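As C-alpha cells, the structure follows; a few thoughts come after it.
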Amino acid sequence: MKTDARVRYTKMRIRQAFFQCLKEKPISRITVKELCDIAEINRATFYSHYDDPYDLMVKLENEALDDLRELAEKATFDKETGILTTLLKSLKEDGGETRLLASSGGDPNFSSRISTLFYEIYRKRMKEYLPKLSEMQEKLVYRFMAGGCSQVLSLWVEEGMTQKPETVAREMNEMCAAVLSVYIK
C-alpha cells in the first residue's frame with residue numbers, strides 16, 4: 001500500500017524535528033508541542049501518526065533496525081567481519097540518526113536491540129561452529145556476547161565513532177571468537 005505524498009512529507013518533517021530536538025536534549029524533555037512547532041504542524045496531525053515522542057522514537061528505531069536487517073541480508077560472509085563491518089558502516093554513515101537514537105539522550109536499550117540483530121545474523125553460523133551446545137549454553141553464550149557487543153557498540157557511539165568500522169568489527173569478532181573457543185573441543 002502506497003503512502004500519500006502529504007503523509008510522507010509530514011512524517012519526514014516530524015522526523016527532522018525529532019532529531020533536531022534529540023541533538024539538544026534527552027527524549028524525556030522533548031514535548032509534542034515543541035515537535036509540532038518545529039515541524040509546522042498541529043497537534044492533531046502529530047497524534048494521527050504517533051502517540052507521543054516515545055512512540056515516535058520506537059517507530060524510528062524499528063525503521064532503523066529493518067534497514068540494518070535488510071542490509072545484513074544482502075551482505076555476504078566473504079570475510080569473518082564482512083556483515084558486521086557493513087552494519088557498522090551503515091550506522092556511521094546514516095547522518096547520525098541511529099547514533100542519536102542510541103545516545104544517552106535517546107533509548108538506552110537501542111544499542112542492545114542492535115546487538116540482538118547482530119546475534120540473529122550470526123546465530124546460524126554459531127550453530128555451525130558449535131553444534132553441541134545445549135539450548136541453555138547457547139542462551140548463556142548469546143547473552144554474554146550480546147551484552148559485550150552492546151557495550152562495545154555503545155562505547156564506539158559515545159566516542160563519536162572515531163575508530164574505523166572495520167577495526168571495531170574485527171575487535172568484536174575476535175572477542176566473540178575467544179568466548180566461543182571455550183566451547184570448541
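We did not get these values from a lab; they are worked out from the coordinates using the rules stated. Predicted model, so just to flag it, every value in this text is computed and none were measured. Neighbour counts are summed over all protein chains in view; Cβ atoms, including those assigned to glycine, are modelled from backbone coordinates with ideal geometry.
Remarks
- Sum of side-chain charges, Leu155 neighbourhood, beta-carbon under 13 Å (Lys, Arg +1; Asp, Glu -1): -2
- Backbone N within the stretch 125-148 under 18 Å of label point (7 Å from Ile184 Cα along the Cβ vector): 125-134, 138, 141-142, 145
- Net charge in the neighbourhood of Ala39 (other residues with Cβ under 10 Å of its Cβ; Lys, Arg +1, Asp, Glu -1) is 0.
- Efficiency of FRET between Ala44 and Asp66 - r from beta-carbon atoms, R0 25 angstrom, step 0.05: 0.35
- With respect to the chain, whose longest principal axis is taken over its alpha-carbon atoms, helix 82-93 is tilted by about 20°.
- Within the listed set Pro26, Pro131, Pro53, the residue fluctuating most in the Gaussian network model of the chain (springs between alpha-carbon atoms under 10 angstrom) is Pro131.
- Shape category assigned to the stretch 80-120 from the gyration tensor of Cα positions, a/c cut at 1.5: oblate
- Dividing the helix sum by the residues of the chain, where each DSSP H run of 4 or more adds -39500 (n - 2.57), gives a mean residue ellipticity at 222 nm of -24000 deg cm²/dmol.
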